[in-house]
């Protein structure tokens, strides 16, 4: 399984990468939304983890750009990973195209549960993971 984590904080990327390694998943890292979008253009990912607050382009803008794609890359599940606790955060993220929202600090079981739901959702649609 190929996962892309778009997150500006290197420590957050490291922690999540270590969690995913336990499950045998490979994680690519992007330190900005702009880099993440380029990586999506160039590679194939099964799931995208997206921070919301980053310098330059924010995560919600990046999610909207992903969802505007007309190829299969526009359908890749996106899980928001954020420290934001705004009252309408989850609804806003889902409205912008996110599939799931996790709050930092991310617990391993919450991350794995969310990934499991995304795998099940893709399988239900007949989409094969890499």
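No lab work stands behind these numbers, since they all come straight from the coordinates. Predicted model only: the values in this text are computed from it and were never measured. All Cβ positions, glycine included, derive from the backbone under ideal geometry; neighbour counts span all protein chains shown.
How large is the helix-only mean residue ellipticity at 222 nm for the chain, computed as the sum of -39500 (n - 2.57) over DSSP H runs with n ≥ 4, divided by its residue count, in deg cm²/dmol to the nearest 500? Mind dumping the intermediate values first?
Working: 5 runs with 56 residues, N = 130.
So the helix-based figure for the chain works out to -13000 deg cm²/dmol.
How high is the relative contact order of region 2-124, given as a whole-number percent (alpha carbon pairs under 8 Å, six or more residues apart)? Numbers along the way, then the final one.
On the way: 184 pairs, mean separation 26.6, N = 123.
That works out to 22 percent.
Which of rounded, prolate, oblate describes region 2-124, given a ≥ b ≥ c as roots of the alpha-carbon gyration tensor eigenvalues and a/c under 1.5 marking rounded, otherwise prolate only if a/b is larger than b/c?
On the way: a/c = 1.14, a/b = 1.05, b/c = 1.08.
Rounded, since a/c falls under 1.5.
What does the highest-first list of 54-65, 103-114 look like by mean Cβ count within 10 Å? Display every interim value, and only then the final one.
Values: 54-65: 17.7, 103-114: 14.9.
The peptides rank, most packed first, as 54-65, 103-114.
Where the centre of each part is set by its Cα atoms, how far does region 78-115 sit from region 7-55, in angstrom?
14
Taking the mean number of other Cβ atoms within 10 Å as a proxy for protection, how do you rank 20-29, 1-10 from highest to lowest? Write out the running numbers ahead of the final one.
Numbers: 20-29: 14.5, 1-10: 19.9.
So the order, starting with the most tightly packed, is 1-10, 20-29.
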